[in-house]
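S.K.: Let me begin by handing over the structure; questions about it come next.
The values are calculated or read from the model by the stated rules, or taken from the named source; none is laboratory data. What you are looking at is a predicted structure, and each value in this text was computed from that prediction instead of being measured. Don't worry about glycine lacking a Cβ; one is built from the backbone with ideal geometry, like all the others, and counts go over all protein chains shown.
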Amino acid sequence: MAVIESSDPHVTALYCDHHGWLSGWLRKKLGNPADAADLAHDTFVGLLTSRRPGPVEQPRAYLAAIARNVLVNRYRRQALERAYLDTLALLPEPETPSPEYRLSILQTLHEIDAMLDALPAAAKQAFLMSQLEGMTYDAIAERLKVSLSTVKRYMKQAFVQCLSLME
């Protein structure tokens, strides 16, 4: 087992003490050693990039929670990719985008998905109602049982997120 290099001794200790356990736990859950190894790696990358200081009281529960989040994100990305590829399959041959363009679109879809996921649930829902369903702000307010000014605030949050993505 390779030891990660981290300036945080707590992360290094977590890796050394629990990487084997996490990999085994993921192998049982996924049934695929390669996917389990990838997910264990992604879990520790997530831990390295988080800003959680100090020791962890329940390291296995903590690592399992991070791994579950990584797995959910992976499944969501895969579902997004499948939906995009299914849509492409419906296009006539001359209109099918190049592989480079498809990759660019998939990367953009992943960025948009991450941006939407960073929004509070109600703001995300309001934004999707507006942009995908074409609902007016009044209709969104009625459906969500909130005021029109609250819907406007949600939409502002979403548009600020969109603008930050564009930069």
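S.K.: Taking interchain pairs and intrachain pairs at least six residues apart, which have beta carbon atoms under 7 angstrom, with the first residue in the range 115-129 and in contact (Cβ under 8 Å) with a residue 24 or more places away in the chain and the second of a type in the set (Ser, Thr, Tyr)?
M.R.: Ala122/Tyr154; Ala123/Tyr154; Ala126/Tyr154; Phe127/Tyr154
S.K.: A follow-up question, please. Hey, does the range 136-150 have a residue that's farther than 20 Å from Leu80 by Cβ and in contact with an Asp or Glu (Cβ under 8 Å, 6 or more places away or on another chain)? Break it down stepwise before answering.
M.R.: Within the range 136-150, the first condition is being farther than 20 Å from Leu80 by Cβ, and the residues that meet it are 136-150.
Checking the rest, the ones that are also in contact with an Asp or Glu (Cβ under 8 Å, 6 or more places away or on another chain) come to 148.
Yes; the residues of the range 136-150 include at least one that is farther than 20 Å from Leu80 by Cβ and in contact with an Asp or Glu (Cβ under 8 Å, 6 or more places away or on another chain).
S.K.: Restricting the range 66-104 to residues that are surrounded by 12 or more Cβ atoms within 10 Å (Cβ to Cβ) and among the hydrophobic types (A, V, I, L, M, F, W, C), which is farthest from Met115 (Cα to Cα)?
M.R.: Restricting to residues being surrounded by 12 or more Cβ atoms within 10 Å (Cβ to Cβ) and among the hydrophobic types (A, V, I, L, M, F, W, C), the top hit is Leu88.
Table: residues versus (1) at pLDDT below 85; (2) out of contact with any Ser or Thr (no Cβ under 9 Å at 6 or more places or on another chain); (3) not hydrophobic (A, V, I, L, M, F, W, C).
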| site | (1), (2), (3) |
| --- | --- |
| Asp8 | yes, yes, yes |
| Leu39 | no, no, no |
| Ala65 | no, yes, no |
| Tyr84 | yes, yes, yes |
| Leu88 | yes, no, no |
| Pro94 | yes, yes, yes |
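S.K.: A further question on this structure: Restricting the range 108-145 to residues that are among the hydrophobic types (A, V, I, L, M, F, W, C) and over 28 Å from Asn73 (Cβ atoms), which is surrounded by the fewest Cβ atoms within 10 Å (Cβ to Cβ)? Working first, answer last.
M.R.: From the range 108-145, those among the hydrophobic types (A, V, I, L, M, F, W, C) are 109, 112, 114-116, 118-119, 121-123, 126-129, 132, 135, 139-141, 144; that's our starting set.
Within this subset, residues satisfying the condition of being over 28 Å from Asn73 (Cβ atoms) are 139, 141.
Values: Ala139: 14, Ala141: 19.
Here the answer is Ala139.
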